[in-house]
Amino acid sequence: MIDLHSHLLPGLDDGAPDDRTALVMARAFWDQGVEVVACTPHILPGLYQNTGPAIRDALAAFQVRLEQEDIPLRVVPGADNHMVPDFVSQLRSGHLLPLNDTRYVLVEPPHHVAPARLDEFFFGIVAAGYVPILTHPERLTWIRQSYDLIQRLGRSGVLMQITAGSLTGRFGREPRYWAERLLDEGQVHILASDAHDIDRRPPDLARGRDSAAKRVGDAEAQNLVFNRPVAILTNRAAAELPAPNLAHSGGDDGDVSAFGSRTAQSGSPGGGFSQRLRRFLVG
């Protein structure tokens, strides 16, 4: 599996507070079948003053620590980029970070208030040649009043990433309802852990994947945690990503636990993606 949203790098935001916690989290990722993690600290002016270069430096140092501790996990750069007025120019300058230097970029809107002209904001990112990924829309407190806006964004080329813990009930009934609805309606492209620590918000991508498989089937669950993330990290065009499936309605009843093995991940469907991942891991 591949996790495209985590707060694994120690001491940069409200995620892992120290090296020890980050290493425990990294082992938990690897033990559940995650081979690649995008380290995506918050970039939020006034609160988390991270920058692209600082994140890259922290990532390089943490990869060395992983190797010293014999943890085979591969980490790649990214950021949980909060909305700012000059978003595109900050992306181009390198202050904000896309995922693994691709066209794909995580975008986090305000949690409690729907921003004005959100459509225009995302249109500007798309027009600049990037593919925005809206992070955890199911957890936004304004999703109920603005669900049509979320749907419009999806139709206009914005990818949707939901949180594994939302599907397992970690964030309560409301986020679980919206996560399941988005998933059932075929509007979700990526499932990620958004892991912050080892207790309250731990790496739990495998549990989320299993919950997703019960609703949309095994093949689509693999798309959420492997096939689409591989395509994203290797910068494939958005049109080449597997299209989301609607809610599972029979058939494709393979063993959900098979996703936990790395050999299963390299098999069909998505064999071509798997080959690209192997080249990516050794490259």
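Ranked from highest to lowest mean number of other Cβ atoms within 10 Å per residue, what is the order of the peptides 236-243, 196-203, 99-106?
Ranked by mean Cβ neighbours within 10 Å, highest first: 99-106, 196-203, 236-243.
As a footprinting exposure proxy, order LEU12, LEU23, LEU183, LEU149 by other Cβ within 10 Å, with the fewest listed first.
LEU149, LEU23, LEU12, LEU183
Nearest 5 is fine: what % of DSSP beta bridges in segment 1-129 come out antiparallel, could you say?
About 10 percent, rounded to the nearest 5.
Could you work out the local net charge near ASN50, counting Lys and Arg as +1, Asp and Glu as -1, over the other residues with Cβ closer than 14 Å to its Cβ?
-4
Hey, can you rank 2-10, 38-46 by average C-beta count inside 10 Å, highest first?
2-10, 38-46
Rounded, prolate or oblate, given the Cα gyration tensor of segment 91-167, with a/c below 1.5 counting as rounded?
prolate
Which residue fluctuates most in the GNM of the chain (Cα springs below 10 Å): PHE87, PHE122, PHE29?
In this elastic network of the chain, the residue with the biggest mean-square fluctuation among PHE87, PHE122, PHE29 is PHE87.
Considering only DSSP beta bridges whose two residues both sit in the chain, what percent are antiparallel, to the nearest 5?
5 percent
Could you tell me which residue out of THR168, GLN49, PRO109 lies farthest along the dipole of the chain toward its positive end? Charges go on the beta carbon: Lys and Arg +1, Asp and Glu -1, centred on the Cα centre.
Of THR168, GLN49, PRO109, it is PRO109.
Dipole size in debye (nearest 20) for the chain around its Cα centre, Lys and Arg Cβ +1, Asp and Glu Cβ -1?
380 debye
Report the full-extension gain for the segment ASP57 to ASP101: residue separation times 0.36 nm, less the Cα-Cα distance, to one decimal in nm.
Between ASP57 and ASP101, full extension yields 14.4 nm more.
Beta carbons within 10 angstrom, averaged per residue: use that to sort the peptides 152-162, 225-235, 209-219, 68-78, highest first.
Ranking the peptides 152-162, 225-235, 209-219, 68-78 by packing returns 225-235, 209-219, 152-162, 68-78.
What label, among (i) 55, 50, 37; (ii) 55, 46, 30; (iii) 46, 46, 35, belongs to Cα extents along the principal axes in Å computed from the structure on display?
(iii)
Need the C-alpha centroid separation for segment 1-23 versus segment 158-215, integer Å.
Each part's Cα centre sits 18 Å from the other's.
For the chain, what is the mean residue ellipticity at 222 nm derived from helices alone (per DSSP H run of n ≥ 4: -39500 (n - 2.57); sum divided by total residues; nearest 500 deg cm²/dmol)?
-11500 deg cm²/dmol
Values in this text are rule-based calculations from the coordinates and carry no lab data. This one's a predicted model, so the numbers in the text were calculated from it and none came from an experiment. With ideal geometry, Cβ positions are generated from the backbone for all residues, glycine too; neighbour counts draw on all protein chains shown.
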